[in-house]
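Take a look at the structure below.
Laboratory data are not the source of any read-out in this text; all were calculated from the coordinates shown. Fair warning: this is a prediction, and the values are worked out from it, not measured in the lab. Cβ: placed from backbone, ideal geometry, glycine included. Neighbour counts: every protein chain shown.
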Ligand code: DHB
């Protein structure tokens, strides 16, 4: 450690305040400020939880080796962000249901919940200060702060594993893809981040990441072409309904435009090396690759269902649960045959209220088959009738009336909500004859996007696809991507292109799966993420 760093660390050291949480067998440094010039101190801080055996009562590192073989200097650090809906987030406490702190701590890791500014953050002067790419900048400042404390607090700061869900999953992907990029330096400096440290991470766990906002609208229409009924997002401000004729016409042309982008990525099959492309409809090797991933996902679920192992997705029970003696003694489980026929119930959680209730299973026999070893899905279209249904309006992200999270994410201090999708104005122009009234209302707003160079830069800064494989930044060596088979918050092609592009670098270890029956959220099987952290930390 050089002298400058030692002095700074000693200064930090005096600020460290460990609180012992006897019930959870850990120490907590609560709301540690991670940058010296915070605009919203309650958001620009982190909670650091450390398993008790790594610290003495005086806050010194112990020599103890834990059951995983880690000591205070080698134990990996989980770095979870709480950005949801691109909203600002204060750090989570242990009891927060949105946090996985208890699970990670139980497995012996240091766990950090890092707060960050978000789309509606305001500073003390009531000025907006959390627009793109600020959430990412804050999280990078958090990483730099932790690295700065290497050797002073427990945790191997060369083994930081970023974790996030949805918009947070986007940030986790970005932390993995944009390590040490110069593109954020100005903002990092302004926030008072520790500039002499790096901000690359060891691994990124990306749950249902809402990324590639440049192409997410097109990808959504490609996936849901012809599906004009949407389920709605009451918490965003719209319920169930049908696309207007204008939106439906837009959808068709947006779907037509997506393959040009997809095919320009030059993706290849990681095993055969063959080109992965798509056609205008649900066709081509890219579509087949997606269907194969879905079939593998169902097969994994069925094998676990048969063996009685813990499942992904909501809790499941047999239909006659109240009557059967076996069920009450915990023996009877749902068979794959009953599952496919819809003879079961799922404990569904309301996304907004968090309340759960049992709902009847769906008959999937029209599109899902199982031969005891492999699952088969007849097609995406069949799946979309009842299982994987359209959720959003069209455009799904850059909303016509600026109601989506992303419209506010791309606003400015002066203008809270903005359009941002550069593809839409030219597409709308092709609808001028058919829909002059609608174009008169919407087109000009979207035209502004293509004139705004500052917006273009901020859009590029939160699109990880721009950074993958670029030599000028450091990529995390490990990525784990999980998305639910029922997730329709974004197109399933978004995670597929992310995974394939990462694999193509040849230098990144990518673990990518679709997780059966999971909706948008922390889509995973119990215990898998902690096993992954142990595996990658041990191998490296
Ligand atoms: C989130 C969900 C969305 O559908 C979206 O467009 C952006 C963010 C979220 O849950 O974080």
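The table below gives the values:
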| item | result |
| --- | --- |
| Centroid-to-centroid separation of region 90-130 and region 483-515 [C-alpha atoms, Å] | 25 |
| For the chain: span of alpha carbons on each principal axis (Å, largest first) | 68, 66, 45 |
| Extension gain (nm, one decimal) between residue 453 and residue 93, 0.36 nm per residue minus Cα-Cα | 125.7 nm |
| Convex hull (Cα only) mean projected area of region 330-413, reported in nm² to one decimal | 9.2 |
| Computed [θ] at 222 nm, helices only, for the chain once each DSSP H run of length n ≥ 4 contributes -39500 (n - 2.57) | -10000 deg cm²/dmol |
| For region 1-158, the fraction of alpha-carbon pairs in successive 5 Å shells from zero, as % | 2, 10, 18, 21, 19, 14, 9, 5, 1, 0 |
| Cα-Cα P(r), region 305-447, percent of pairs per 10 Å interval | 9, 25, 22, 17, 17, 8, 2 |
| Förster radius 45 Å - calculated FRET efficiency between residue 363 and residue 64 (Cβ-Cβ, nearest 0.05) | 0.25 |
| Neighbour-count order for 307, 285, fewest beta carbons within 10 angstrom listed first | 307, 285 |
| Average silhouette area of region 156-315, convex hull of alpha-carbon atoms, in square nanometres | 14.7 |
| Additional length obtainable on full extension of the chain from residue 103 to residue 531, 0.36 nm per residue less Cα span | 152.9 nm |
| Alpha-carbon Rg with Dmax, taken over region 444-519, Å | 15.5, 44 |
| Residue 20/residue 470 FRET efficiency (R0 60 Å; Cβ-Cβ; nearest 0.05) | 0.85 |
| Kirkwood-based shape ratio for region 152-205, expressed as Rg/Rh from alpha carbons | 0.99 |
| Normalised alpha carbon radius of gyration of region 89-213 [divisor 2.2 N^0.38 Å] | 1.04 |
| Cα gyration tensor shape of region 369-503, rounded if a/c is under 1.5, else prolate or oblate by comparing a/b with b/c | oblate |
| Residue order, fewest to most beta carbons within 10 Å, for 497, 530, 507 | 507, 530, 497 |
| Inter-centroid distance (Cα atoms) of region 421-452 relative to region 152-209, Å | 36 |
| Rounded FRET efficiency, nearest 0.05, which uses the C-beta distance separating residue 236 from residue 274 and R0 of 45 Å | 0.70 |
